[in-house]
Amino acid sequence: MLLSTVDHLTGQIHELDRLIAQALEEITTPHDGPGAGDGPTAPVSARVLAEKLDAVPGIGPTTAQIILAEIGADMSRFPTPEHLVSWAELCPRTIQSGAKNTAGPAGQGNPWLKGALGEAANAAALTDTFLGARYRRIVKRRGHAKALVAVARSILVNAWHLINDPDASYQELDADWHRRHLDPARKTLDLVRQLQALGHHVAPASA
C-alpha cells in the first residue's frame, strides 16, 4: 500500500515537472524593434533564463523556477535592480522618530520569492564563493539574519541582470575578491570598531 502511494506521488511529481518545463518554454522575454526573432533582440525562453540563474551560487533549478514565476521574465517593470529589490522589500527600512533615524528590518514582501531567496542565501553562505565570503564578512558585524538578507539582495540583483540582458552570464568573482580590492584605511577602521565593541580602548594611529 505504501509503495503504491509512493508510486502515485512520484508520478504526480513527474507530471508537474513536465508542466513546469512546458510553461517555461512558452514564457519568453519581450522583444521590440526590427530583427526580433533572430539576432541579439531574439526572445529568450524562461527555460534558458532558469539555466542562467542556476549558475548563481545558492540557486538550483527549483529556486530558479520560483524566482522566474514570482518576478517574471519582463524586467521593463523594474527599470533598475534597485526597483526590483525595493519591490521585493529586501532593502533595509529607515525608521524616523523626531530627529533620530534608525535602520529597521526589511519588509515582508513576496513570501514565495523571499522564501526562495532565503534558501538560496543559506546555501550560498556555505560556499567558497564571492557570495559566501560576503556572508562571512557581514555576519561578523551584523549577525546571521542581516547577513542572509544582504546575500539574498545580491542574488536578486544578479537575477535582474541575467534576466534583463540576454547576453549576460554569471561571472564568479571568487571568495578573495574583497581581500584583493580591500581599502587598507577602511579595514583599519573596521578592526578598530570591532575591538572597541569588545571593550578595548584603541584608536587608529592617524588619530
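The values are calculated or read from the model by the stated rules, or taken from the named source; none is laboratory data. Treat the numbers as computed from the prediction; the structure is a model and nothing was measured. Every residue, glycine among them, receives a Cβ derived from its backbone with ideal geometry; neighbour counts consider all protein chains shown. To get the accessible areas, we keep the full protein, side chains included, count just its heavy atoms, and leave off ligands, DNA and RNA. Shrake-Rupley method; radii C 1.70, N 1.55, O 1.52, S 1.80 Å.
The number of residues in the range 156-172 being closer than 21 Å to residue 66 by Cα and open to solvent by 50 Å² or more (accessible area, probe 1.4 Å) comes to 5. Using the structure shown, decide if residue 148 is within 15 Å of the chain's Cα centre (by Cα), surrounded by fewer than 15 Cβ atoms within 10 Å (Cβ to Cβ) and modelled with pLDDT of 95 or more. So residue 148 fails the test.
Kindly list, by first and then second residue, each pair from a residue in the range 77-90 that is over 9 Å from residue 160 (Cβ atoms) to a residue that is of a type in the set (D, E, K, R) and part of a helix (DSSP H, G or I), limited to pairs with Cβ atoms under 7 Å and residues at least 6 apart or on different chains. Pairs that qualify, where the first residue is over 9 Å from residue 160 (Cβ atoms) and the partner is of a type in the set (D, E, K, R) and part of a helix (DSSP H, G or I), are 88/114; 90/153.
Can you go through 141, 153 and tell me which one is among the basic types (Lys, Arg), open to solvent by 40 Å² or more (accessible area, probe 1.4 Å) and modelled with pLDDT of 95 or more? When all the criteria are applied, what remains is 153. In the set 102, 94, only one residue is assigned to a strand (DSSP E or B), open to solvent by less than 60 Å² (accessible area, probe 1.4 Å), out of contact with any Phe, Trp or Tyr (no Cβ under 7 Å at 6 or more places or on another chain) and at pLDDT below 55; that residue is 102.
The single condition among (1) outside any helix (DSSP H, G or I); (2) of a type in the set (A, V, I, L, M, F, W, C); (3) exposed (fewer than 12 other Cβ atoms within 10 Å of the Cβ) that residue 175 does not satisfy is (3).
Apart from one condition, residue 56 fits all of (1) modelled with pLDDT of 70 or more; (2) open to solvent by 40 Å² or more (accessible area, probe 1.4 Å); (3) in contact with a helix residue (DSSP H, G or I) (Cβ under 8 Å, 6 or more places away or on another chain); (4) assigned to a loop (DSSP other than H, G, I, E, B); the exception is (2). Among the candidates 141, 134, the residue that is assigned to a helix (DSSP H, G or I), under 14 Å from the mean Cα position of the chain (by Cα) and among the basic types (Lys, Arg) is uniquely 134. On the given criteria, is residue 82 within 17 Å of the chain's Cα centre (by Cα), assigned to a loop (DSSP other than H, G, I, E, B) and modelled with pLDDT of 90 or more? Answer is no for this residue. Scanning the range 184-199 for any residue that is crowded, with 16+ Cβ neighbours inside 10 Å, among the hydroxyl-bearing types (Ser, Thr, Tyr) and not in a loop (DSSP other than H, G, I, E, B) turns up nothing.
Could you tell me whether any residue of the range 111-119 is open to solvent by 70 Å² or more (accessible area, probe 1.4 Å) and modelled with pLDDT of 95 or more? Scanning the range 111-119 turns up at least one residue that is open to solvent by 70 Å² or more (accessible area, probe 1.4 Å) and modelled with pLDDT of 95 or more.
Scanning the range 147-169 for residues that are within 22 Å of residue 190 (Cα to Cα) and touching a residue at least 40 places away in the same chain (Cβ under 8 Å) yields a count of 2.
Against the conditions (1) open to solvent by less than 60 Å² (accessible area, probe 1.4 Å); (2) at pLDDT below 90; (3) of a type outside the set (D, E, K, R); (4) farther than 21 Å from residue 167 by Cα, residue 1 satisfies every one except (1).
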